[in-house]
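The values are calculated or read from the model by the stated rules, or taken from the named source; none is laboratory data. Bear in mind the structure is a predicted one, so any value in this text is a computation, not a measurement. Backbone-built Cβ (ideal geometry, glycine too); neighbour counts: all protein chains shown.
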Amino acid sequence: SPLAIVWGIDGTGNVTEHFRKKRNEYKVFHVLGTLWNLPPLIVSVASYFLLILSLGRHVQQRQQSGISSRDPSTEAHQRAIKIIVSFLFLFLLYFLAFLIT
């Protein structure tokens, strides 16, 4: 009700304190929401990192076995690494923007 805002949360009439408490509650919920999203972020970043390492090792093995770096398959692997790295970068930017808002 409108009177609840005017009289504050505890009936003292301190509206500033009422809004300060509400803002602090919002911050706590925001931090808890962010922590809830942290495990999927860690799993995603770890899997991207492992995939990039695996593709990198595979490309190195192919090049050491005498396959040219101009081979279409090797070029496809290198493009896949670039795409995954760019996706990981954009994903991290998205998460940082989510944290800021």
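Quick notes on this structure:
- Close contacts from segment 43-70, counting a first residue that is surrounded by 13 or more Cβ atoms within 10 Å (Cβ to Cβ) and a second that is among the aromatic types (F, W, Y), with Cβ to Cβ under 7 Å and a gap of 6+ residues or different chains, come to S44/F91.
To keep it simple, each residue is scored yes or no on (1) outside any helix (DSSP H, G or I); (2) modelled with pLDDT of 90 or more; (3) in contact with a Phe, Trp or Tyr (Cβ under 9 Å, 6 or more places away or on another chain); (4) under 26 Å from K27 (Cα atoms).
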{"site": "L41", "(1), (2), (3), (4)": "no, no, yes, yes"}
{"site": "F49", "(1), (2), (3), (4)": "no, yes, no, no"}
{"site": "R62", "(1), (2), (3), (4)": "no, no, no, no"}
{"site": "R70", "(1), (2), (3), (4)": "yes, no, no, no"}
{"site": "E75", "(1), (2), (3), (4)": "no, no, no, no"}
{"site": "K82", "(1), (2), (3), (4)": "no, yes, no, no"}
{"site": "S86", "(1), (2), (3), (4)": "no, yes, no, no"}
{"site": "L93", "(1), (2), (3), (4)": "no, yes, no, yes"}
{"site": "L99", "(1), (2), (3), (4)": "no, no, no, yes"}
